[in-house]
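Structure, as structure tokens:
The values are calculated or read from the model by the stated rules, or taken from the named source; none is laboratory data. In this text, all values refer to a predicted model and were calculated from it rather than measured experimentally. Virtual Cβ from ideal backbone geometry, glycine too; neighbours counted across all protein chains shown. In case anyone asks, the SASA skips ligands and DNA or RNA and just uses the protein heavy atoms, side chains included. Shrake-Rupley method; radii C 1.70, N 1.55, O 1.52, S 1.80 Å.
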Amino acid sequence: MIYLDNAATTKMDSQVLEAMLPYLSESYLNPSAFYQGAVKIRMQVEGARRSIAEKLGVPSDTIFFTSGGTESDNWAIRLAAQLQCEKGKHIITCAIEHPAVLNTFKYLQENGYDVTYVGVDRSGRIDLTQLKESIREDTVLISIMHANNELGTIEPIEEIGQIAHEKDILFHTDAVQTFGHIPIDVDGCNIDLMSVSGHKLYGPKGIGFLYIRDRRRFGRLHFGGSQEKGLRPGTENVPGIIGLSKAVEIAYDRLEQDITSVSALRDLFAAEIKKAIPGVCINGDNEHHLPGTVNVTFKGILGESLLIALDQSGICASAGSACSAGAIEPSHVLIACGLTPDEAGRTLRFSIGRNNTPEEILKTISVLKTICRV
């Protein structure tokens, strides 16, 4: 199998699995218990929290473990909006956000909030002028993703954070596609809330975290015990937390190495596909993009047909976000960027990771050339 869908999920690193195994067997105690063995596990959980916080350069009490990106997005957006409803009920997001964000905004809109959806240019970059003009006296939250999951386009979150900071508006960013893949400066970007998912950075599924700069301005996700300082109660996913911490450690240790190697594979893919298949168009921003994501519109062949043919050759790619699999409508991301429904239907996403090789890239191009009968 040639796996080119790393934006959907990544293969868990063997070191991550090794770190998790003891907590799936002998170290099974509930970290909320008072006996010595449980206290030791509690210390391991807090050690994992500190380790992640250190990588971000933030206090450990700003990291709250969740089940992943969707939960973190929901918690951040819903609570940030609802707890500030007396100040205002106007909230801002972007037209190309992940469904976890867009559907939370839709829920709030159905419950009395006024939502502005800021547009993007052809490359998927947010219109900062439109963002500034959208801000009102009653604006309480701006939520813009760090990088788009379909295009790989990186948004100008430093400028967005500055705009929000100057107006005392909370700024949330979905960093599921970027954390552990490119540098993030939460202070420099004035990020108040940030969502992260473990399985996007070679860690386990079912674990992530929400960074909360100031929990005094925030509220509990649900009701229960004292876990996660009472804001997100429930018995901790200890193996997941340990695995996430190890995945973050590995990602930061090899960050520059991975950026260099994965970017080289992406450049190889982009160059070779344009040479091999006439009429293809690579979508996204030429300068501001993730190291491994290539979004390609083909000429004269449906993306679904391409995916089936690639799968038969043992190659995994995607027609867009994994969370939109089975959707009948064309990608909302591509439509927002100005592609026609027909063009969107002829588009695939190839997302390259640290485990891919140049040989796999060249084999994929060769298979695509055969499928397209070039």
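Some values worked out for this structure:
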{"quantity": "Selection within the stretch 191-207 - farther than 21 Å from Ile259 by Cβ, of a type outside the set (A, V, I, L, M, F, W, C) and out of contact with any Asp or Glu (no Cβ under 8 Å at 6 or more places or on another chain)", "calculated": "Pro204, Lys205, Gly206"}
{"quantity": "Number of positions in the stretch 90-127 that are of a type in the set (Asp, Glu) and either open to solvent by less than 10 Å² (accessible area, probe 1.4 Å) or in a loop (DSSP other than H, G, I, E, B) (or both)", "calculated": "3"}
{"quantity": "Criterion: under 24 Å from Asn148 (Cβ atoms) and in a loop (DSSP other than H, G, I, E, B) - qualifying residue of Lys87, Lys11", "calculated": "Lys11"}
{"quantity": "Answer residue from the stretch 31-47, given it is part of a helix (DSSP H, G or I) and not aliphatic (A, V, I, L, M) and is farthest from Asn149 (Cα to Cα) among those", "calculated": "Gln36"}
{"quantity": "Criterion violated by Asp174 - all others in (1) of a type in the set (D, E, K, R); (2) more than 18 Å from Asn148 (Cα to Cα); (3) touching a helix residue (DSSP H, G or I) at 6+ places or on another chain (Cβ under 6 Å) satisfied", "calculated": "(2)"}
{"quantity": "Selection status of Ser72, of a type in the set (Ser, Thr, Tyr), under 26 Å from Ile250 (Cβ atoms), in a helix (DSSP H, G or I) and open to solvent by less than 10 Å² (accessible area, probe 1.4 Å)", "calculated": "yes"}
{"quantity": "From the options Arg216, Arg232, Arg220, residue that is free of Cβ contacts under 8 Å to residues at least 12 places away in the same chain and either open to solvent by 10 Å² or more (accessible area, probe 1.4 Å) or among the aromatic types (Phe, Trp, Tyr) (or both)", "calculated": "Arg216"}
{"quantity": "Single residue of the stretch 1-23 satisfying the filter (touching a Gly at 6+ places or on another chain (Cβ under 7 Å) and either farther than 13 Å from Gly292 by Cα or not β-branched (Val, Ile, Thr) (or both)) that is least open to solvent (accessible area, probe 1.4 Å)", "calculated": "Val16"}
{"quantity": "Complete set of residues in the stretch 235-282 that are crowded, with 21+ Cβ neighbours inside 10 Å and aromatic (Phe, Trp, Tyr)", "calculated": "Phe269"}
{"quantity": "Residue within the stretch 24-42 that is within 30 Å of Asp258 (Cα to Cα), crowded, with 18+ Cβ neighbours inside 10 Å and not basic (Lys, Arg) present", "calculated": "no"}
{"quantity": "Condition check for Arg50: assigned to a helix (DSSP H, G or I), open to solvent by 60 Å² or more (accessible area, probe 1.4 Å) and under 30 Å from Pro22 (Cα atoms)", "calculated": "yes"}
{"quantity": "Test for Ile259: is it touching a helix residue (DSSP H, G or I) at 6+ places or on another chain (Cβ under 6 Å), closer than 28 Å to Phe179 by Cα and β-branched (Val, Ile, Thr)", "calculated": "no"}
{"quantity": "Helices (runs of 4 or more DSSP H) fully within the stretch 275-372 counting 3 or more residues that are more than 26 Å from Phe179 (Cβ to Cβ)", "calculated": "303-312, 341-344, 358-371"}
{"quantity": "Inter-residue pairs, beta-carbon under 6 Å, first among the charged types (D, E, K, R) and in the stretch 132-148, second part of a loop (DSSP other than H, G, I, E, B) and modelled with pLDDT of 95 or more, 6+ apart", "calculated": "Asp138/Gly88"}
{"quantity": "Residue within the stretch 135-145 that is open to solvent by less than 60 Å² (accessible area, probe 1.4 Å), modelled with pLDDT of 95 or more, under 22 Å from Ile212 (Cβ atoms) and acidic (Asp, Glu) present", "calculated": "no"}
